[in-house]
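Below is one structure, written out as structure tokens; the observations come after it.
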Amino acid sequence: MTAPDQHTSTNERIETSGLLFRDEVFRIVGAAIEVSNHLGSGFLEAVYQEALEIELANCGIPFEAQKRLTITYKNRQLKRDYVADFVCFDRIIVEIKAIQSLSRVEEAQLINYLKATKLPLGLLINFGSRKLEWQRYANTR
């Protein structure tokens, strides 16, 4: 369904024109780096959420914060939904964390968001490690 691509990895999803939404991802990650450089690690996720909202707006990146994602089953909308931290450019889910290191749990959360929305790309950004971590996931379905 999705393929994880870490920023240091060479197995990023490649299309004929390059990376999927390369410029948009560059801008989002740049905003996250700015937040990370300014705040460092150690704050709660809510602090990074608010700071990233400010930075995305300052960078002119279109986004919706705390976006409700509906889930359907056999063409019926379920009562339960997900809440993504951000949806940027109407097509990139951005899920942020403030934990020691990313794990399969966070990866599964983002993959479920991609499945539920059928959006093409997701970013998982962690402000909690010593150095900002981020991974990209392409919805290959």
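FYI, it's all coordinate maths here, none of it is from the lab. In this text the structure is predicted, and so the values were computed from the model without any measurement.
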Taking the square root of 5λ for each eigenvalue of the C-alpha gyration tensor of the chain, the equivalent ellipsoid has semi-axes, largest first and in whole angstrom, of 23, 18, 15
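Can you give me the Kirkwood hydrodynamic radius for region 28-75, using every pair of distinct Cα atoms, in Å to one decimal?
Numbers: mean 1/r = 0.0819 Å⁻¹.
In region 28-75 this quantity evaluates to 12.2 Å.
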Spatially proximal lysines relative to K97 (Cα-Cα < 18 Å; intrachain offsets below 8 disregarded): K67, K131
Can you give me the long-range amide H partners of L69? Hydrogens built in the peptide plane at 1.01 Å from N, cutoff under 5 Å, separation of 5 or more residues or another chain. Y82, V83, A84
